[in-house]
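Data first, discussion second: the structure below is written as structure tokens.
The values are calculated or read from the model by the stated rules, or taken from the named source; none is laboratory data. Keep in mind that what you see is a predicted model, and the values were worked out from it rather than measured. Positions of Cβ are backbone-derived with ideal geometry, glycine not excepted, and every protein chain shown enters the neighbour counts. Ligands, DNA and RNA are excluded from the accessible area calculation, which covers all protein heavy atoms including side chains. Shrake-Rupley method; radii C 1.70, N 1.55, O 1.52, S 1.80 Å.
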Amino acid sequence: MSTPSGSAPVADGGILEYVASSQLPTPWAVFRIHAFAEPATGKEHVALTLGEPFGDAPVLARIHSECLTGDALFSQRCDCGAQLEAALQRIAEEGRGILLYLRQEGRGIGLLNKIRAYQLQDEGADTVEANERLGFPADMRRYDLCRPMLDHFGIRSVRLMTNNPRKERVLGDLGIAVAEHIPLQVNRNPYNEQYLRTKARKLGHRFKEYFGEAP
Ligand SMILES: [Zn+2]
């Protein structure tokens, strides 16, 4: 079978393979969706882009980890769905940018364990304690795939939409320059107030506009 053009592996070490891309109309813009396979894990990741080719200027970017409950099921327990929407809106407003959608549900512990952690949170644990009681670190997400994904689009410098300083450090370690960080403080509500405070206090996320310097 012949291989479609552009389907060659994009990653050093073959950790990621480009598969296909197509148009993806959304309420805010017609993006392109690019599909990638990660053979080692069997996971499938996507990138949404607008305004390619990108050139040398830092590219507006969001690195978003999958959250089925927040992204697709409207959960108010976290701020994921609102962040995803805000990021796509911002990219649409600027007419240029990229969103990497990484399939690492529940800060990397998977959907079933995330719901187990929610159950512990219903009984009084915070988001970090719940993960730890299940035997997981507070945050198991990995960002090493960002480099081959961004390489695929020729991106070496980003304006990163995030509240999470760890993401900036990790990208720096991967050789991606973070020229600017853009806060995404959206959807604070009574159901996620404690979750956001815990992320600020224990995971170092920036929520200064919500909680000031001391969450
Ligand atoms: Zn979420």
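Selection within the stretch 49-105: residues that are touching a residue at least 60 places away in the same chain (Cβ under 8 Å) and of a type in the set (Ser, Thr, Tyr). The member of this set that is nearest to the ligand (Cβ to nearest atom) is SER65.
Determine, yes or no, whether TYR143 is open to solvent by 40 Å² or more (accessible area, probe 1.4 Å), in a loop (DSSP other than H, G, I, E, B) and touching a residue at least 60 places away in the same chain (Cβ under 8 Å). Here the answer is no, as TYR143 does not meet what is asked. Under the condition of being of a type outside the set (A, V, I, L, M, F, W, C) and at pLDDT 95 or above, the residues counted in the stretch 44-64 number 7.
Looking at this structure, is PHE31 at pLDDT 95 or above, over 20 Å from MET161 (Cα atoms) and surrounded by 14 or more Cβ atoms within 10 Å (Cβ to Cβ)? Reasoning before the result, please.
On the way: at pLDDT 95 or above: yes; over 20 Å from MET161 (Cα atoms): no; surrounded by 14 or more Cβ atoms within 10 Å (Cβ to Cβ): yes.
No.
If I filter the stretch 56-69 for residues that are open to solvent by less than 30 Å² (accessible area, probe 1.4 Å) and farther than 16 Å from MET149 by Cα, do I get at least one hit? The answer is yes; a qualifying residue exists.
Here are GLU85, GLU123: which of them is out of contact with any strand residue (DSSP E or B) (no Cβ under 8 Å at 6 or more places or on another chain), over 22 Å from MET149 (Cβ atoms) and open to solvent by 40 Å² or more (accessible area, probe 1.4 Å)? Can you show your working first?
Working: GLU85 fails: over 22 Å from MET149 (Cβ atoms).
Going through GLU85, GLU123 in turn, the sole match is GLU123.
In the stretch 155-168, the residues that are touching a residue at least 60 places away in the same chain (Cβ under 8 Å) reach residues that are open to solvent by 20 Å² or more (accessible area, probe 1.4 Å) and among the β-branched types (Val, Ile, Thr) with C-beta atoms within less than 8 angstrom, at least six apart or across chains, in these pairs: SER157/VAL178; VAL158/VAL178; ARG159/VAL178; LEU160/VAL178. Hey, does the stretch 128-138 have a residue that's under 22 Å from ALA72 (Cα atoms) and open to solvent by 10 Å² or more (accessible area, probe 1.4 Å)? Checking the stretch 128-138: not a single residue is under 22 Å from ALA72 (Cα atoms) and open to solvent by 10 Å² or more (accessible area, probe 1.4 Å). Apart from one condition, ARG32 fits all of (1) touching a residue at least 40 places away in the same chain (Cβ under 8 Å); (2) in contact with a Ser or Thr (Cβ under 7 Å, 6 or more places away or on another chain); the exception is (1). Looking only at residues in the stretch 95-107 that are surrounded by 19 or more Cβ atoms within 10 Å (Cβ to Cβ) and of a type in the set (Gly, Ala, Ser), which one is farthest from the chain's Cα centre (by Cα)? Ranking the qualifying residues of the stretch 95-107, first place goes to GLY97.
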